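The values are calculated or read from the model by the stated rules, or taken from the named source; none is laboratory data. The model shown is predicted, which means the values in this text are computed figures rather than measured ones. Quick reminder, even Gly has a Cβ in these numbers, built from the backbone with ideal geometry, and neighbours come from all protein chains shown. When the accessible area is computed, the model is the full protein with side chains, heavy atoms only, and any ligands, DNA or RNA have been set aside. Shrake-Rupley method; radii C 1.70, N 1.55, O 1.52, S 1.80 Å.
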Amino acid sequence: MASELASMFPKLGSLGTSDHGSVVSINLFVALLCACIVIGHLLEENRWINESITALIIGLGVGVVILLISGGKSSHVLVFSEDLFFIYLLPPIIFNAGFQVKKKQFFVNFITIMLFGAIGTLISCAIISLGAIKFFKKLDIGFLDIGDYLAIGAIFAATDSVCTLQVLHQDETPLLYSLVFGEGVVNDATSVVLFNAIQNFDLSSVNPTIALRFIGNFLYLFLASTLLGAAVSLSFILSTFIVSRHSTDREVALMMLMAYLSYMLAELFYFSGILTVFFCGIVMSHYTWHNVTESSRVTTRHTFATLSFLAETFLFLYVGMDALDIEKWKFVSDSPGLSVAVSSILMGLILLGRAAFVFPLSFLSNLMKKSSEEKITFRQQVIIWWAGLMRGAVSMALAYNKFTRLGHTQLQDNAIMITSTITIVLFSTVVFGLMTKPLISLLLPPQRQLSTVSSDANTPKSLTAPLLGSQEGSEVDLNSQDLPHPPSLRMLLSAPTHKVHRYWRKFDDSFMRPVFGGRGFTPVAPGSPTEQEP
C-alpha cells in the first residue's frame with residue numbers, strides 16, 4: 001500500500017532544493033509577521049516605538065542571526081524585487097490610504113496639500129539633484145550621468161511619514177494630520193511619476209524643448225492617472241447593479257478586484273499606478289461604498305486596512321534584514337569613508353531640500369487664508385518639515401529599480417548608492433522616528449480637546465475628527481439642518497480658501513451623487529439591510 005501511494009505521489013515529501021528554500025522563506029516571514037503583530041500590540045501604549053521601528057529592529061535582529069548561521073554569507077532568505085514591491089505590496093497600502101482618507105479634510109486643504117506634495121517634491125528633487133552633482137563629482141564615486149543624478153533626486157525626495165502619523169491625533173490636530181497625511185501620499189505619487197518620466201527621457205542633451213516635453217509628460221501622467229482611477233471606481237457601480245446587493249462575497253470580491261485592476265491598468269498604459277489607485281480609493285469610498293450592503297461595508301473597511309498593515313510590516317521587516325546584506329557591503333568595504341560621505345551628503349541635502357519648500361510654501365499658503373485658526377503656525381511648519389525627513393519603502397524600491405538588476409549589483413558606484421539608501425532609511429526611520437514623539441510633545445503640548453465619535457456606519461472610518469474648529473465629519477452634508485452647527489461653521493464655509501471644496505460639493509450634489517449614488521442618494525434594493533432603516 002505504501003509503495004502504491006509512493007508511485008501515485010512521487011514528489012510528496014521530497015521537495016526540490018529551490019522549493020524547500022521557498023517554503024523556509026515563507027515560514028520565516030509568516031512567523032516574523034506574527035511576532036511583529038504581537039510585539040506591536042504589547043508596545044501599543046508606548047508611542048515612542050511604533051510598528052515601523054519594531055519591524056525594522058526585528059528584521060535587523062533576524063538578519064544578524066542568519067548571518068551567524070550562514071557563516072557571514074547572507075543575512076536574508078529572500079531577494080528584494082522592485083516588481084514584488086510595486087505590483088503586490090504597494091497597491092493595498094496606497095488604496096487603503098485613499099479609501100480611509102477623510103475627504104472633507106483632504107479637499108478643504110487640497111491646495112496646500114498639492115503645494116507640499118507636488119511642487120514641494122519637485123523643489124526637493126531639484127535641490128538634491130543639484131547638490132549631488134556638485135559633491136559627488138568631487139568624491140569620484142563612479143560614472144553617473146545627468147539622468148542618474150535626477151533619478152537620485154526623485155529617489156530621495158520620496159518621504160515616509162508613517163512614524164509622525166502614528167503620533168499625531170486626528171481629533172487633536174486635524175489640520176496638521178491632514179497636511180502630513182495628504183502630502184505623504186501625493187509626494188509618493190509625484191516621486192514615482194517623476195522617476196518614471198526621468199527614466200523614459202533621453203536627458204544626455206538638455207534643451208528648452210526637452211524640458212517642455214518633460215514637464216508636459218509629467219502633467220499628462222498626473223492627470224491621466226487621476227482620471228483613470230476615478231473612471232474604474234465609477235465603473236464598479238455598473239457591476240453593483242448586476243449583483244444588486246444579493247451577495248456580500250461578490251460585492252467585496254468585485255471591489256477588491258476593481259481596485260487592483262485600476263492599478264494594473266495604469267501600469268499597462270505607463271501611467272502612475274500610485275495616483276490611480278489612490279484616487280480610485282477616494283472615489284470608491286465616496287460613491288461605490290454606499291451602493292453595497294452594510295456587511296460589505298464593514299468587511300471591506302477591515303480587509304483593506306488589514307492588507308495595508310501586513311504589507312507595510314513586511315516591507316519594514318525586509319528592509320531591516322536587507323540592511324545587513326553582505327554582497328552589497330563587500331563592494332564598499334574597500335572605501336568605507338566614501339560610503340559614509342555619500343550618506344552624509346544625501347542626508348544633508350534631504351534636510352536642506354525639505355526646508356527649502358516647507359517654510360516658503362507654508363508662508364504662501366498662509367497668505368491665502370484669512371482666519372488665523374486656519375494658518376499654519378511656525379511650530380506646525382517645523383513638524384511638517386520633520387515628518388518628511390524619514391525615508392522608507394518607496395525610496396528603497398526606486399533605488400533598487402535604478403541601481404540593481406533583480407536585487408543584485410556588480411558595480412561599485414551602484415553598490416554605494418544602494419548601501420547609502422539603506423543607511424538613510426534605517427537612520428531616518430529609527431533616529432528621527434524615536435525623536436518624533438518628544439518633538440511633537442515639546443512643540444504642541446497636549447491640550448484637552450473635544451472629539452466626537454460618530455455611530456454612523458456610512459463612512460469608512462467611524463471616528464469623526466473636528467476640522468479647524470468644526471466637528472463635522474468627512475461625509476456630513478454641509479446643508480443638513482439635523483446636525484448641530486458650531487458657531488465657527490459659518491466662518492469655515494465663508495473662507496475663500498475653501499472655494500475648491502465648496503464648488504466641488506455643489507457639483508457633486510447636483511450631478512454626480514444622483515447618478516452614481518452616495519450618502520443620501522443610494523437607491524434601496526428590495527430586501528436590502530438599509531430598507532428597514534428610518
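If you go through segment 334-356 one residue at a time, how many are farther than 16 Å from Ser428 by Cα and open to solvent by 70 Å² or more (accessible area, probe 1.4 Å)?
Adding up the residues that qualify gives 2.
Determine which member of the set Phe363, Phe359, Phe378, Phe309 is within 26 Å of Val65 (Cα to Cα) and either out of contact with any helix residue (DSSP H, G or I) (no Cβ under 6 Å at 6 or more places or on another chain) or open to solvent by 20 Å² or more (accessible area, probe 1.4 Å) (or both).
None of the other options fit; the residue is Phe309.
Collect the residues in segment 134-162 that are open to solvent by 40 Å² or more (accessible area, probe 1.4 Å) and among the aliphatic types (A, V, I, L, M), keeping them in residue-number order.
Scanning segment 134-162 gives Leu139, Ile146, Leu150.
Given the structure, is Gly98 open to solvent by less than 10 Å² (accessible area, probe 1.4 Å), under 30 Å from Asp171 (Cβ atoms) and either at pLDDT 75 or above or of a type in the set (Phe, Trp, Tyr) (or both)?
Taking the combined requirement at face value, the residue satisfies it.
Show the residue pairs meeting these rules: Cβ distance below 7 Å; 6+ apart or different chains; first residue within segment 104-116 and within 19 Å of Gln381 (Cβ to Cβ); second residue of a type in the set (Gly, Ala, Ser).
These pairs meet every condition: Gln105/Ser178; Gln105/Ser474; Asn109/Ser178; Asn109/Gly182; Thr112/Ser365; Ile113/Gly182; Leu115/Ser365.
List the helices (runs of 4 or more DSSP H) inside segment 82-136, counting only whole elements, that have at least 2 residues being under 23 Å from Arg297 (Cα atoms).
Values: elements: 90-100, 103-108, 110-114.
Of the helices (runs of 4 or more DSSP H) lying wholly inside segment 82-136, those with at least 2 residues that are under 23 Å from Arg297 (Cα atoms) span 90-100, 103-108.
Does segment 1-52 hold any residues that are modelled with pLDDT under 50 and either touching a Phe, Trp or Tyr at 6+ places or on another chain (Cβ under 8 Å) or among the charged types (D, E, K, R) (or both), and which are they?
If the condition is that a residue be modelled with pLDDT under 50 and either touching a Phe, Trp or Tyr at 6+ places or on another chain (Cβ under 8 Å) or among the charged types (D, E, K, R) (or both), then Glu4, Lys11 are the ones that fit.
Do we have any residue at all in segment 139-158 that's modelled with pLDDT of 90 or more, under 14 Å from Trp385 (Cα atoms) and not charged (D, E, K, R)?
yes
Residues are listed down the side, and each one gets a yes or a no for (1) open to solvent by 30 Å² or more (accessible area, probe 1.4 Å); (2) touching a residue at least 60 places away in the same chain (Cβ under 8 Å); (3) in a loop (DSSP other than H, G, I, E, B):
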{"residue": "Ser178", "(1), (2), (3)": "no, yes, no"}
{"residue": "Val186", "(1), (2), (3)": "no, yes, no"}
{"residue": "Ala189", "(1), (2), (3)": "no, yes, no"}
{"residue": "Asn196", "(1), (2), (3)": "yes, yes, no"}
{"residue": "Thr209", "(1), (2), (3)": "yes, no, no"}
{"residue": "Arg213", "(1), (2), (3)": "yes, no, no"}
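For segment 261-306, how many residues are of a type in the set (Phe, Trp, Tyr), open to solvent by 10 Å² or more (accessible area, probe 1.4 Å) and within 21 Å of Asp508 (Cβ to Cβ)?
Number of matching residues: 1.
Quick one: how many residues across segment 102-125 are closer than 14 Å to Pro174 by Cβ, modelled with pLDDT of 90 or more and either in contact with a Ser or Thr (Cβ under 7 Å, 6 or more places away or on another chain) or surrounded by fewer than 22 Cβ atoms within 10 Å (Cβ to Cβ) (or both)?
Total meeting the criteria: 1.
What tally of residues in segment 160-199 results from selecting those that are farther than 19 Å from Ile111 by Cα, touching a helix residue (DSSP H, G or I) at 6+ places or on another chain (Cβ under 8 Å) and not aliphatic (A, V, I, L, M)?
The qualifying residues number 10.
Looking at (1) at pLDDT 80 or above; (2) touching a Ser or Thr at 6+ places or on another chain (Cβ under 7 Å), which is the only condition Arg245 fails?
(1)
Please state which of the following conditions Leu165 fails to meet, knowing it meets all the rest: (1) modelled with pLDDT of 85 or more; (2) among the hydrophobic types (A, V, I, L, M, F, W, C); (3) surrounded by fewer than 20 Cβ atoms within 10 Å (Cβ to Cβ).
Leu165 satisfies all of (1) modelled with pLDDT of 85 or more; (2) among the hydrophobic types (A, V, I, L, M, F, W, C); (3) surrounded by fewer than 20 Cβ atoms within 10 Å (Cβ to Cβ) except (1).
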